[in-house]
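Read the structure below first, then the notes.
The values are calculated or read from the model by the stated rules, or taken from the named source; none is laboratory data. The shown structure was predicted, so the numbers you read here are calculated from the model rather than taken from an experiment. As a convention, Cβ positions derive from the backbone with ideal geometry for all residues, glycine included, and neighbour counts pool all protein chains shown. Note: areas computed on protein heavy atoms with side chains; ligands, DNA, RNA excluded. Shrake-Rupley method; radii C 1.70, N 1.55, O 1.52, S 1.80 Å.
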Amino acid sequence: MIELEGVPELIDPVMVAAFEGWNDAGDAASTAVAHLDREWKGEVFAALDAEDYYDFQVNRPTVWLDGGVRKITWPTTRLSVVRVGGDKPRDLVLVRGIEPSMRWRSFCNELLGFAHELGVELVVVLGALLGDTPHTRPVPVSGVTSDPDLAQRMDLEETKYEGPTGIVGILQEACTHAGVPAVSLWAAVPHYVSQPPNPKATLALLNRLEDLIDVRIPLGELPEDARAWQVGVDQLAAEDSEVAEYVQTLEEARDTAELPEASGEAIAREFERYLRRRDGGPGGSAGGHATADGGDTGSGAWNPKDNPGGRARPPKPPRPETEAEAEAEAEDGNEDSSDD
């Protein structure tokens, strides 16, 4: 039994989780949870025992000085709670950590124990994957669930993926088997500019989360950072005509594939978000909104910063559709690491 002393009774709590590593291309997902924690001044109330879940030769502890005293920070997963104010206040339980090296079932069961004790009504796990998507277009964010009823009720995709998975997929399935509603939100990061940070993908995840749980998230400097990121990538791509041609090819493919979407639900979602922010809804200031256009990198991912003058055309991995995209590119060792 998990004892939570000092944690107040929560209001309509939602657990939002992200894990550094394989599920976190461009650090987009973990940065999104860190943003929530920072903007709403989260208070850490629990941390998982690092000895139980991490290989310290893979995720090494760090040493730092505090007033001349040497201290050690161990890699782990921490839980904090934030309250979103407004007319309809609610609480978020933020889970931020590193994909565990071992005992994944026990890891998920411990997180579910916290969720049960806190009365969590929904678990949302954020992830980011490498995709064949242009940096100049809105960041694709897929919402998937294993629960058919939840998929229909929240307008989500019911996952049909089969293959290797990471801790995001494992935690979602653990929630489903425990009867806890769970959703995964996946942002696609351009594989040719995969190095972190990627504020545009982080912003897209937060906008999608805002729609999903009906809270207004203060964005701070993220919109400006996302614009600056895109300008920087534009400049890098413009240095090489073959890279520019490749990006144009991705743009054309993306635009052709999404023509029906341009006049449908996407526009409605953006308009609803605009109205919420204009009317001063719960969770933040009225300004600073940007739309959704505004990890760990796979082996062999091309990066224009690494070779801005190179003549070779960047690789074109298969275009995935949902969570399968991230998971199908995993190395075999990641699958083995999920065993107890």
>> How charged is the neighbourhood of V93? Take every other residue with its Cβ under 15 Å from the Cβ of V93, and add Lys/Arg as +1 and Asp/Glu as -1.
In response: -3
> Short version: ³J(HN,Hα) in whole Hz for each residue of the stretch 62-70, in order, from phi by Karplus 6.51 cos²θ - 1.76 cosθ + 1.60 (θ = phi - 60°), x for Gly and Pro, what are they?
Replying inline: 10, 10, 9, 9, 10, x, x, 9, 6
> Among the GluC sites (Glu not before Pro) within the stretch 3-55, which fall in a DSSP loop and have no more than 16 other Cβ atoms within 10 Å of their own Cβ?
Replying inline: E3, E5, E9
>> Quick query: amide H of E157 versus all other amide H atoms, modeled in the peptide plane; which residues come in under 5 Å with a sequence gap of 5 or more or a different chain?
In response: G143, V144, T145
> How much accessible surface area, in Å² rounded to 10, belongs to the heavy atoms of L65 with a 1.4 Å probe?
Replying inline: 110 Å²
>> Please list 3J(HN,Hα) in residue order for the stretch 108-119, calculated via the Karplus relation 6.51 cos²θ - 1.76 cosθ + 1.60 where θ = phi - 60°; whole Hz, with x for glycine and proline.
In response: 5, 4, 5, 5, 5, x, 4, 4, 5, 5, 8, x
> What trypsin sites (Lys or Arg not before Pro) does the stretch 8-74 have in DSSP loop regions with at most 10 other beta carbons within 10 Å?
Replying inline: K41
>> Show me, for the stretch 30-44, the HN-Hα J-couplings you get by feeding each phi into the Karplus relation (A = 6.51, B = -1.76, C = 1.60, θ = phi - 60°), rounded to Hz, glycine and proline as x.
In response: 5, 5, 5, 5, 4, 5, 4, 5, 6, 5, 9, 6, x, 10, 5
>> Tell me which chymotrypsin sites (Phe, Trp or Tyr not before Pro) from the stretch 1-105 have a DSSP coil assignment and no more than 13 other beta carbons within 10 Å of their own.
In response: F56
> Which percent of the accessible heavy-atom area of the stretch 1-158 goes to carbon and sulfur, probe 1.4 angstrom?
Replying inline: 45 percent
>> At R0 = 41 Å, how high is the FRET efficiency between E43 and R137 if r is their beta carbon distance? Nearest 0.05 is fine.
In response: 0.60
> Taking a 32 Å limit on the Cα-Cα distance, which of the listed pairs K71/K200; K160/K200; K41/K160 fall beyond it?
Replying inline: K71/K200; K41/K160
> In percent, how large is the relative contact order of the stretch 36-163, given Cα pairs closer than 8 Å and 6 or more residues apart?
Replying inline: 18 percent
>> Along the Cα→Cβ direction, 7 angstrom out, place labels at K88 and A178. What is the inter-label distance in nm?
In response: 2.6 nm
